[in-house]
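Taking it in order: structure first as structure tokens, then the write-up.
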Amino acid sequence: MSLPQPASRVVVIGDALIDEIRDHAGVRELVGGAALNVAVGLRRLGVSSTLIAMVGDDEAGDHIREYLRDHDVKLISSAAPAGSSRAIVQRTSNGEPEYVFNEAAQQRSIRYSDEAKRAIAGAGVVAVSCFPFDVPAEVDALADAVTGARLAIDPNPRAGMLADREEFVRGFERVAAGADLVKVGADDATLLYGSELDALRSRLRSLGAGAVLATAGADGAIIETDAGTVEAPISVLPGAVVDTVGAGDATLAAVAAGLVDASPQNLEEWGSLLGRAMDVAAATCRGEGGLLRTPESLEDAERGVFGS
């Protein structure tokens with residue numbers, strides 16, 4: 001059964017792929033990608049969403065399309081000459097994922113059809129995640145397509161897809177400077193800038209980002225806005241942490257969902273939004289893969305009820 005359609009819609013631009021997970025339990029495949037996770041997460045939070053991404057006309061692409069249909073997310077796909085993107089995911093000794101990407105993922109490209117431009121023009125928020133900011137032509141096309149939109153940006157760089165770090169930073173900052181929200185993590189600060197997260201947060205604010213959401217793993221998260229700065233620790237929920245791979249995407253989805261109709265106006269409202277995002281991120285970590293979960297969905301699962 002489809003979820004009820006709200007009036008506002010979020011368009012998400014970025015990646016969609018197959019995660020081939022290899023660990024002690026064997027090899028298995030999950031539909032993933034940061035942008036796809038955000039789009040599905042928004043839908044599970046009750047926000048209508050459209051994903052603009054490169055998806056191939058192949059078996060992997062069929063799985064991606066089916067998954068999006070199952071979650072009631074509209075797909076506007078770009079052609080994929082090299083097929084659908086794939087990431088081989090292996091766990092390091094500390095449980096963090098390491099990624100090896102196929103050629104399609106490394107050469108990902110997005111085109112903006114008339115349908116895509118109409119979707120963007122009608123969106124309450126446009127979220128961008130795991131985008132090829134190191135390709136100037138891709139950044140030019142993105143900047144043109146999202147002119148006038150309310151933007152939520154997550155650079156989400158992956159070392160295996162990063163061809164030119166300096167160019168990536170230039171492209172990312174070009175778009176982030178006019179964004180309503182920019183999300184960055186401690187890993188982003190290290191990989192892109194070789195700096196601390198606090199320094200990156202300050203830089204993005206100085207460039208003109210309306211709000212900066214800085215996530216620091218076990219140390220929680222901070223949102224810095226014109227109203228001030230608010231912090232939140234990671235949320236403590238029942239059950240063991242199974243997989244942290246979707247935490248950042250869940251956090252972005254939860255915060256973006258709170259921006260669709262209007263941005264918070266004071267620290268209390270920003271704090272409430274961030275606290276909810278931390279709850280959602282913690283719940284997402286209670287299951288494998290990037291599928292967003294909420295504390296309510298965990299309770300329902302314990303009672304044998306599926307949903308979020």
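Readers should treat all values here as calculations from the given coordinates under stated rules, not as data from a laboratory. Quantities reported herein were computed from a predicted structural model and do not represent experimental measurements. Neighbour counts are summed over all protein chains in view; Cβ atoms, including those assigned to glycine, are modelled from backbone coordinates with ideal geometry.
Let me know the Kirkwood hydrodynamic radius for region 1-123, please, with Cα pairs as the basis and the value in Å to one decimal.
Answer for region 1-123: a Kirkwood hydrodynamic radius of 15.0 Å.
Kirkwood Rh over Cα pairs of region 32-82 into Stokes-Einstein at 25 °C, 0.890 mPa s: D in µm²/s?
For the chosen part, D equals 224 µm²/s.
Counting DSSP beta bridges with both partners in region 1-123, what percentage is antiparallel, nearest 5?
40
Per-residue ellipticity at 222 nm for the chain, helices alone: DSSP H runs ≥ 4 residues times -39500 (n - 2.57), over residue total, nearest 500 deg cm²/dmol?
Calculated from helices alone, the mean residue ellipticity at 222 nm is -10000 deg cm²/dmol.
Scan (1) 45, 22, 15; (2) 24, 24, 21; (3) 38, 20, 17 for the value of semi-axes √(5λ) of the Cα gyration tensor in Å calculated from this model and give just the label.
(2)
Label points 7 Å out from Cα along the Cβ direction at SER202 and ASP72: separation in nm?
Result: 4.6 nm between the two label points.
Using 0.36 nm times the number of residues separating VAL27 and ASN266, minus their current alpha carbon distance, what extension gain do you get?
Answer, rounded to one decimal: 81.4 nm.
Distance in nm between label sites at ASP164 and ALA143, each 7 Å beyond Cα in the beta-carbon direction?
1.4
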